[in-house]
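Here the structure comes first, spelled out in structure tokens, and everything after it is commentary.
The values are calculated or read from the model by the stated rules, or taken from the named source; none is laboratory data. None of the values given here were measured: they were computed from a predicted structure. Cβ sites come from the backbone with ideal geometry, for glycine too, and all protein chains shown count toward neighbours. Protein only, heavy atoms only, side chains kept; ligands, DNA and RNA dropped before computing areas. Shrake-Rupley method; radii C 1.70, N 1.55, O 1.52, S 1.80 Å.
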Amino acid sequence: AKSDVLWSGFDEQSARGVALLRDGVDTKEALTSIGEGLTPDALALAITNADAMGIAAELDRDRAVRQFHLQREIAARLVRDGVAPLVAQVRAGALSAAVLASVWAWADRTAAGRSLPETLAEALDGA
């Protein structure tokens, strides 16, 4: 499917970050790693041209699915680390939103020329 092609690079890096979370790597470090191997690809092009390509709604749906997947994984990690489940869900929601917001900012060049890992680190600090 078109969606699988657009998201393949992100999905690969996200799986890497989730594996690090499961292995006990620091949460911020694990999430920042998602951006370390991501290159400007079809997803970045699609984000930049979503309206012209007529795929903005599809990208929004796909983004939400991936954000929730990350939230679930981050929350599970936080609970394993002793955080109360509700608090873990809230923190995980903010952290997962930071990851996807960073990808969007980097792709549409609102990240002021910073690399994706730099943009991710800033967003995660804000979360």
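Checking each residue in the stretch 1-33 for being under 13 Å from the mean Cα position of the chain (by Cα) and among the basic types (Lys, Arg) picks out 16, 28. Residues in the stretch 1-28 that are farther than 15 Å from residue 116 by Cβ, part of a helix (DSSP H, G or I) and open to solvent by 80 Å² or more (accessible area, probe 1.4 Å): 4 in all. Total residues in the stretch 105-120 satisfying the condition of being out of contact with any Gly (no Cβ under 8 Å at 6 or more places or on another chain), open to solvent by 10 Å² or more (accessible area, probe 1.4 Å) and within 15 Å of residue 13 (Cβ to Cβ): the figure is 0. Taking the stretch 30-47 as the range and being part of a loop (DSSP other than H, G, I, E, B), touching a Gly at 6+ places or on another chain (Cβ under 8 Å) and in contact (Cβ under 8 Å) with a residue 60 or more places away in the chain as the test, only 38 passes.
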